Amino acid sequence: MMFRSVHSPHLVTTSTLVQEAAVSCGVSLFRKITKLISSLFILLGALFSFEAWAQVWIGADRLRLATYKWAPYQTHQNQNMNGFALNRVQCALGQMGQPYQLTMTQWSDAQLHVHSGQQHGFFVSPKTKEHDSYATLSAPITQGKLRWYVGPGVEPKLDDLSKLNLKFSAEFGSSTWFWLKSNGYHVVKQPRDAEVLLTLLKQREIDVALEDELVFYTEISQASLPSNYFYSRVFETKLMGVYLSNCFLDKYSDFLTVFNTALAKCEG
């Protein structure tokens, strides 16, 4: 008896199709994964490119800022810069990832170097018309309170007559000193800082000083004088920030907005 092998074309064809379909699905899945990985690399590349672009257009390679010794806002001791205003500026620049260079100099030089383009900005300063002519003030870093300080034995009466009869002064080169001068006060001496201003007032070489409350309180404490040694009264309160050169902001138009946003995250 002979057995004939029965060959079923239908079964063979179905098996072949299943195998081909499996191979096709595997190739299709592989292609999809490959495309997905490629898309991820493209996306990452775009993000890095944007980050590099943002760095170029938001700020300079190295932001140059000038400041001056004005404790407790900013000071310089043992080769280290410190102070709560300076710390807020550093915090904001750190938030931005902005490289920077700080130069501590005389207040008059800080302003001059920004005006001449040697520095990009200076701090800490209230808003003034003079500074507005070549720079733009940032969001506030802090609030300063100006006070009149009257020397011992001087009648604490400040009116139009005393403007002419008494001897007034402030830190030379400051907006306060120039304000006194331009508003008809009898301004004498050119004290380079608050320490000298305090000495002049204590020794009665001047009768009245106009100075920031925190700054003068710091000098009074360092001189071991009682806090009420001088009669004082508030003149005005001003917001203070960083002045950035208009030339710098023309080149990096988004910088001030980003800096102000970063400052808000660095509340003292």
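The values are calculated or read from the model by the stated rules, or taken from the named source; none is laboratory data. Nothing here was measured: the structure is a model prediction, and the numbers come from that model. We place every Cβ from the backbone using ideal geometry, glycine too, and count neighbours over all the protein chains shown. Each accessible area value is taken on the protein alone, full model and side chains, heavy atoms only, with ligands, DNA and RNA left out. Shrake-Rupley method; radii C 1.70, N 1.55, O 1.52, S 1.80 Å.
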remark   = If amide H atoms are modeled at 1.01 Å from N in the peptide plane, then the residues at a separation of 5 or more from Thr103, or on another chain, having amide H under 5 Å from its own are Leu65, Ala66, Thr67
key: Ranked order, Ser253, Ser175, Ser108 - accessible area, probe 1.4 Å, largest first   = Ser253, Ser108, Ser175
Over 30 Å between alpha carbons, listed pairs Lys69/Lys265; Lys181/Lys251; Lys202/Lys265; Lys129/Lys202; Lys127/Lys189 = Lys181/Lys251; Lys202/Lys265; Lys129/Lys202
task = Provide the per-residue ³J(HN,Hα) series for the stretch 240-248, in order, calculated from phi with Karplus coefficients 6.51, -1.76, 1.60 and θ = phi - 60°, each as a whole number of Hz, with x at glycine and proline positions.
result = 10, x, 9, 8, 10, 4, 5, 5, 5
task = Tell me the chymotrypsin sites (Phe, Trp or Tyr not before Pro) within the stretch 126-161 that lie in a loop according to DSSP and have at most 15 other beta-carbon atoms within 10 Å.
result = Tyr134
